[in-house]
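Please treat every number below as a calculation from the coordinates, not as lab data. Keep in mind that what you see is a predicted model, and the values were worked out from it rather than measured. FYI the Cβ positions are ideal-geometry reconstructions off the backbone, even for glycines, and counts take in every protein chain you see.
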Amino acid sequence: MRLAVAGCCHGELDKIYETLALAERRGPGRIDILLCCGDFQAVRNEADLRCMAVPPKYRHMQTFYRYYSGEKKAPVLTIFIGGNHEASNHLQELPYGGWVAPNIYYLVYVHISLIITKKSVLQLTYSHRIQTRS
């Protein structure tokens, strides 16, 4: 199994999937899972964009909405962790995580530990940081 890990995606799914396709052509085979670590920016529409905790100059639709609408489908299972620059209204609808688009899963705000050797991923552990409302 091949796992790709990406940092802050900022909604640029088309660019990320293009890069994965290039890596697959150059590498030993298909990538099975993409893990995006924070600032995924699953923005579905203008209302989501207005809820992002970023200065207005950084509020751009990018390409996630195409995957959400079904216009496109993620070519690889994509799992993402929430960051500090998310459309909070959207992700609060999924307090325990869940599917945000076909083949794209939200793993909530978590702490991830990966132990990787030259040959394989040895361990993947995570712990939820669930926020409660008073």
Spin-label pair Glu24/Leu94, simplified geometry with 7 Å Cα→Cβ offset, distance in nm: 2.1 nm
Within segment 3-82: Cβ-based charge dipole about Cα centre, in debye rounded to nearest 20 (Lys, Arg +1; Asp, Glu -1): 100 debye
Listed peptides 84-91, 25-32, 1-8, 40-47 by packing density, highest first (mean Cβ within 10 Å): 40-47, 84-91, 1-8, 25-32
Summed residue charge, Cβ within 15 Å of Leu34's Cβ, Lys/Arg positive, Asp/Glu negative: -1
Amide hydrogen neighbours beyond the local backbone of His85, cut-off 5 Å, H modeled: Asp39
Cα→Cβ-extended label distance, 7 Å offset, between Ala47 and Cys8, nm: 2.7 nm
Distant-in-sequence amide H partners of Leu77 (H built 1.01 Å from N, under 5 Å): Leu34
Residue-by-residue Karplus 3J(HN,Hα) for segment 47-55, coefficients 6.51, -1.76, 1.60, Hz, glycine and proline x: 4, 4, 4, 5, 8, 6, 7, 9, x
